[in-house]
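The structure appears below as C-alpha cells.
The values are calculated or read from the model by the stated rules, or taken from the named source; none is laboratory data. These figures come from a predicted structure and were not determined experimentally. A quick note on method: Cβ atoms are made from the backbone with ideal geometry, for glycine too, and the neighbour counts reach across all protein chains shown. The protein model used for the area step is the full one, side chains on, heavy atoms only, and it has no ligands, DNA or RNA in it. Shrake-Rupley method; radii C 1.70, N 1.55, O 1.52, S 1.80 Å.
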Amino acid sequence: MFLKIISVSLDLIALNGKREFFVKYSPLAVELLTGYLKKVDPKVDIKTFYTALSSIDEIVAQIRDNPPKVIGISAPVDSQSELLSLLDKIQALQLTGTKIVLGGIVPSVAYESLLQRYPNIYIITGEGEVALQRFMEWVEQKNELSNIPNLVLVENGSLKRTAAKEPISMETATYQPSLEITKKMLEKYGSEG
C-alpha cells in the first residue's frame with residue numbers, strides 16, 4: 001500500500017473566547033490512525049500537519065506543491081471554521097486524483113451539510129482505523145467502497161452510508177500511536193503537567 005498521504009489535525013481549541021492549543025487537550029486521532037496505517041504498511045508515506053504548528057495557508061501550500069493521493073482531515077469539536085476554510089482552499093486548488101476523507105466529531109455530526117457543500121469528499125463516522133485502511137485500499141483499487149465501514153458519501157446525487165463496524169477493543173489493539181509531532185508541540189507550547 002505505498003500511498004502518499006497528507007493528514008491534518010485541526011487542533012486549536014476555543015477557551016476564554018480565544019483559540020488556543022493545549023497539549024493536554026490535543027486529539028490523538030491523527031496519531032492513532034497514522035500508527036495504525038504504518039503498522040499495516042510501514043512504507044506508507046504520511047506527512048502530518050497540525051494547525052497548532054502550521055497555518056492553514058502553509059498546509060494548503062504544501063498540498064499544492066506536492067499533491068498527495070489522499071488528504072485526511074481530523075476535525076474535533078469547535079473546528080468548524082478551520083475545516084470549512086481548509087476545504088474551501090483545497091477545493092480552489094482543483095486537484096485531480098486526490099481524495100479527501102474527513103473524520104472526527106464535526107464531520108460525524110455534520111456529514112449532511114458537509115457533503116452538500118463538498119459532494120466529492122468522503123466522511124468516516126465513528127472509529128476510523130479499519131475504515132481508513134480499507135479506504136486506502138479502495139484508492140489503490142484493491143477494495144470496493146461498499147466494503148469500507150462507517151463511510152458516508154454522495155453517490156448519484158444521494159447520500160449513501162455503508163454498514164457500521166463494531167468498535168475496536170482497546171484491550172486487543174496491537175498498534176501504537178505515531179507520536180512524531182508530539183515533541184514539536186511540547187517544545188512550542190510546553191506541558192501543563
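Things to note:
- Residue check for Lys99: surrounded by fewer than 21 Cβ atoms within 10 Å (Cβ to Cβ), modelled with pLDDT of 85 or more and of a type in the set (D, E, K, R): yes
- Checklist (1) at pLDDT below 80; (2) in contact with a Lys or Arg (Cβ under 6 Å, 6 or more places away or on another chain); (3) among the hydrophobic types (A, V, I, L, M, F, W, C) applied to Ile46, failing item: (2)
- Scanning the stretch 115-130 for residues that are more than 12 Å from the chain's Cα centre (by Cα) and of a type in the set (A, V, I, L, M, F, W, C), we see that the one that is surrounded by the most Cβ atoms within 10 Å (Cβ to Cβ) is Leu115.
- The stretch 78-91: number of residues that are in contact (Cβ under 8 Å) with a residue 40 or more places away in the chain and either part of a strand (DSSP E or B) or hydrophobic (A, V, I, L, M, F, W, C) (or both): 2
- Considered as a group, the residues in the stretch 36-52 that are basic (Lys, Arg) and more than 21 Å from Gln62 (Cα to Cα) include one that is most open to solvent (accessible area, probe 1.4 Å), and that residue is Lys39.
- Filtered residues of the stretch 60-81 (kept if among the β-branched types (Val, Ile, Thr) and under 19 Å from Asn120 (Cβ atoms)): Val60, Ile63, Val70, Ile71, Ile73
- Number of residues in the stretch 131-145 that are basic (Lys, Arg) and crowded, with 18+ Cβ neighbours inside 10 Å: the value is 1.
- Wholly within the stretch 104-161, strands (runs of 3 or more DSSP E) carrying at least 2 residues that are at pLDDT below 90 and not hydroxyl-bearing (Ser, Thr, Tyr): none
- Residue satisfying all of: in the stretch 53-84; modelled with pLDDT under 85 and over 14 Å from Val8 (Cα atoms); surrounded by the most Cβ atoms within 10 Å (Cβ to Cβ) among these: Asp78
- The set of residues in the stretch 92-103 being part of a helix (DSSP H, G or I) and in contact with a Leu (Cβ under 8 Å, 6 or more places away or on another chain) is empty.
- Positions within the stretch 146-159 being touching a strand residue (DSSP E or B) at 6+ places or on another chain (Cβ under 8 Å) and either among the hydroxyl-bearing types (Ser, Thr, Tyr) or open to solvent by 30 Å² or more (accessible area, probe 1.4 Å) (or both), in sequence order: Val154, Leu159
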